[in-house]
Amino acid sequence: MHISMEEKAGILTRALPYIQKYNGKILVVKYGGNAMISEELKESVMSDIILLSTIGIKVVLVHGGGPEITGMLNKIGKKSEFVNGLRVTDKETADVVQMVLAGKINKSLVNLLCSRGGKAIGLSGSDGGMIKAKPKAVELGYVGEITEINVQPILDVIEMGYIPVVSTVGFDDEGNTYNINADTVAAGIAGRLKAESLISMTDIAGILRDKDDPTTLISKIFVEDAPKLMDEGIISGGMIPKVQCCVDAINLGVRKVFVIDGRIPHSIIIEVLTDEGIGTMFVKGDK
């Protein structure tokens with residue numbers, strides 16, 4: 001499709017108010033799902049992040065990597081076991097989690113950003129004592145529950161003009177490594193940074209009143225109404241902990257949280273710099 005110069009100018013003009021609103025503000029992106037698996041979508045996400053950084057938005061990228069962890073465990077002949085959607089993590093699995101998240105995935109994302117003209121530095125929860133954790137439940141082993149987040153390392157990286165790329169592993173005072181849910185880490189970091197927005201990339205269109213009908217997308221949810229939507233079954237299953245993280249982020253001081261469909265190319269730009277948006281926005285109620 002050919003776009004004329006006038007149409008291009010119009011697109012940029014319509015984006016201007018959003019660029020001005022976010023300029024100098026912190027935007028946390030939780031990166032996961034199919035957008036991490038598809039090379040085409042990965043390119044789209046990285047270009048979006050570089051663009052936002054270039055126009056003065058302080059982007060923090062927080063990533064998980066469940067499928068790659070499973071793949072590595074399969075390679076060494078270790079079967080993955082899950083309890084309520086959480087990976088049972090013994091000492092050996094925790095080592096693999098750290099190797100895959102803080103090593104392979106984190107550095108590949110940093111390389112991707114830098115090779116496309118961005119400036120990025122990779123961090124893990126153990127860098128600068130960023131994320132302290134304790135066992136979430138005995139039966140889960142080294143699955144962590146966050147006890148403390150020190151965002152100073154992230155602020156230092158931003159101050160130097162780099163994009164922080166954060167892998168979601170934590171540690172305790174004995175030096176143990178913990179596997180921590182990426183949504184939980186992203187919400188905690190965004191809240192402590194008092195970010196303007198948190199964007200959570202998923203493999204669904206957002207929150208639907210009818211999970212089988214994409215036309216029933218709920219574009220805005222007040223956090224006070226989230227429990228009712230859970231009681232009604234509109235928010236159910238695996239979306240409950242994701243939505244709880246959205247609510248937690250708002251209660252910690254994030255102005256807006258967006259759940260968007262990461263399967264759509266340039267979904268971050270569409271959400272941040274256009275009138276329409278594409279997902280579900282969580283905000284505090286004005287009641």
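The values are calculated or read from the model by the stated rules, or taken from the named source; none is laboratory data. Everything quoted here is computed from the prediction, not taken from an experiment. Virtual Cβ from ideal backbone geometry, glycine too; neighbours counted across all protein chains shown. The accessibility values were calculated without ligands, DNA or RNA, using every heavy atom of the protein model including side chains. Shrake-Rupley method; radii C 1.70, N 1.55, O 1.52, S 1.80 Å.
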### Task
Could you please find all residues in the stretch 99-109 being closer than 16 Å to VAL157 by Cα and surrounded by fewer than 21 Cβ atoms within 10 Å (Cβ to Cβ)?
LYS107
### Query
List the pairs whose first member sits in the stretch 192-206 and is within 26 Å of ILE234 (Cβ to Cβ), whose second member is open to solvent by 10 Å² or more (accessible area, probe 1.4 Å) and in a strand (DSSP E or B), and whose Cβ atoms are under 6 Å apart, counting only residues at least 6 apart or on separate chains?
SER197/LYS256; ILE199/PHE258; SER200/LYS30; ALA205/LEU217; ALA205/ASP261; GLY206/LEU217
#### Entry: Cβ pairs under 6 Å, 6+ apart, first in the stretch 76-88 and open to solvent by 70 Å² or more (accessible area, probe 1.4 Å), second aliphatic (A, V, I, L, M) and not in a strand (DSSP E or B)
GLU81/VAL88
### Message
Here is a list: ASP95, ASP156. Which entry is open to solvent by 40 Å² or more (accessible area, probe 1.4 Å), among the acidic types (Asp, Glu), touching a strand residue (DSSP E or B) at 6+ places or on another chain (Cβ under 8 Å) and over 24 Å from CYS245 (Cβ atoms)?
### Response
ASP95
### Summary
Of the residues in the stretch 205-238 that are under 23 Å from the mean Cα position of the chain (by Cα) and hydroxyl-bearing (Ser, Thr, Tyr), the one that is least open to solvent (accessible area, probe 1.4 Å) is SER236
### Query
Residues in the stretch 46-55: is at least one open to solvent by less than 40 Å² (accessible area, probe 1.4 Å), modelled with pLDDT under 90, touching a helix residue (DSSP H, G or I) at 6+ places or on another chain (Cβ under 6 Å) and over 21 Å from ILE180 (Cβ atoms)?
no
#### Entry: Unmet requirement for LEU16, which otherwise passes all of (1) farther than 22 Å from PRO241 by Cβ; (2) in contact (Cβ under 8 Å) with a residue 24 or more places away in the chain; (3) open to solvent by 70 Å² or more (accessible area, probe 1.4 Å)
(2)
### Query
Of all residues in the stretch 54-79, which are more than 16 Å from the chain's Cα centre (by Cα) and under 17 Å from LEU109 (Cα atoms)?
GLU68, ILE69
#### Entry: Odd one out for THR184 among (1) in contact (Cβ under 8 Å) with a residue 60 or more places away in the chain; (2) under 27 Å from LYS256 (Cβ atoms); (3) open to solvent by less than 30 Å² (accessible area, probe 1.4 Å)
(3)
